[in-house]
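Heads up: the structure comes next, in structure tokens.
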Amino acid sequence: MVRLYGSRIASQHDRGPVGTVLAIGEAGIEVAAAGGSVLLARLGVGGKKLPAAEAAGLLGLTVGTRLGTG
């Protein structure tokens, strides 16, 4: 299970299919959502709160990954 901390709206314009990782950087992971995108700043992985970019590496997430598909 992954927990989300410090998430916020990044854009209110459609940016791609819902659940698609759009960007990974210092500010976090940007993910497409209905009507825009959200920025995930920190993720809880293995009981630790990590910066999203670090968590992305541990989880094998890359730009274009579609979350929630399996």
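The values are calculated or read from the model by the stated rules, or taken from the named source; none is laboratory data. Treat the numbers as computed from the prediction; the structure is a model and nothing was measured. A quick note on method: Cβ atoms are made from the backbone with ideal geometry, for glycine too, and the neighbour counts reach across all protein chains shown. Accessible surface areas use protein heavy atoms only, side chains included; no ligands, DNA or RNA. Shrake-Rupley method; radii C 1.70, N 1.55, O 1.52, S 1.80 Å.
State whether the residues of the stretch 56-67 include one that is open to solvent by 40 Å² or more (accessible area, probe 1.4 Å) and without any contact (Cβ under 8 Å) to a residue 12 or more places away in the chain.
Checked the stretch 56-67: at least one residue is open to solvent by 40 Å² or more (accessible area, probe 1.4 Å) and without any contact (Cβ under 8 Å) to a residue 12 or more places away in the chain.
Among the strands (runs of 3 or more DSSP E) confined wholly to the stretch 1-51, which include 1 or more residues that are open to solvent by 20 Å² or more (accessible area, probe 1.4 Å), under 13 Å from VAL63 (Cβ atoms) and hydrophobic (A, V, I, L, M, F, W, C)?
21-25
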